[in-house]
Amino acid sequence: MADHSSTAPGTAHSADHGHDDGRRDFLLLSTLAVGAVGAGLAAWPFIDTMNPSKDVLALATTEVDLSPISEGQSITVIWRGKPVFVRRRTKAEITEAKKTLGEKDPEADDKRTKKPEWLVVIGICTHLGCIPLGQKTGDPKGDYNGWFCPCHGSAYDTSGRIRKGPAPTNLAVPPYEFTGDTTIRIG
Ligand code: FES
């Protein structure tokens, strides 16, 4: 099911870090606990919690109705717990995206999109996993008019390609397909 409300990237970014830190602590503690007991049986409850629950499996795919999104607007949907940016690009943004392959992680725009008007990318900075700004009107979009990650200054272009800053690769394109003129299924 689509969540058409925009998330607040600034808030999500700090919450995301907190969550990651928390998860790392939990994994570390769990590993230590299992190691300390040293018995195979003790490991079972922990391993069992690693199996995805039914509601998680149900979210393995996410349907998105694109019809309410107007040109130049973006929405954020959650797919498998990750933010996915869906942007209806303007003609100027498409032209800009097609002018270059990018330098750091060169990739043609038409390899990253199924229809030029729609860009679908995972909204997680490939440097250290912050959620870049640029989804909301008034957000900074960086020097390349796409997304800007204020954590360490990575800038992405209108194709979601990394153009400046420490992030090593482009924003990832999730698996998705058009199931209608204005609907996509992610996953
Ligand atoms: S996490 Fe985005 S620039 Fe560091």
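The values are calculated or read from the model by the stated rules, or taken from the named source; none is laboratory data. Here the structure is a predicted model, which is why all the values come from computation and not from measurement. Neighbour counts run over all protein chains shown; Cβ positions are idealised from the backbone, glycine included. In case anyone asks, the SASA skips ligands and DNA or RNA and just uses the protein heavy atoms, side chains included. Shrake-Rupley method; radii C 1.70, N 1.55, O 1.52, S 1.80 Å.
Brief remarks on what is shown
- Vicinal HN-Hα couplings computed from phi for the stretch 168-180 (Karplus, 6.51 cos²θ - 1.76 cosθ + 1.60; Hz; Gly/Pro x): x, 9, 5, 4, 6, 9, x, x, 7, 9, 7, 9, x
- Placing unit charges on the Cβ atoms of the charged side chains and taking the dipole of the stretch 57-186 about its Cα centre, the candidate lying farthest along the positive direction among L119, A172, T62 is A172.
- Overall form of the stretch 117-173 per C-alpha gyration tensor (a/c, 1.5; a/b vs b/c): rounded
- Rounded accessible area of R112 (nearest 10 Å², 1.4 Å probe): 10 Å²
- Over 25 Å [Cα-Cα, the stretch 57-186], rounded percent: 17 percent
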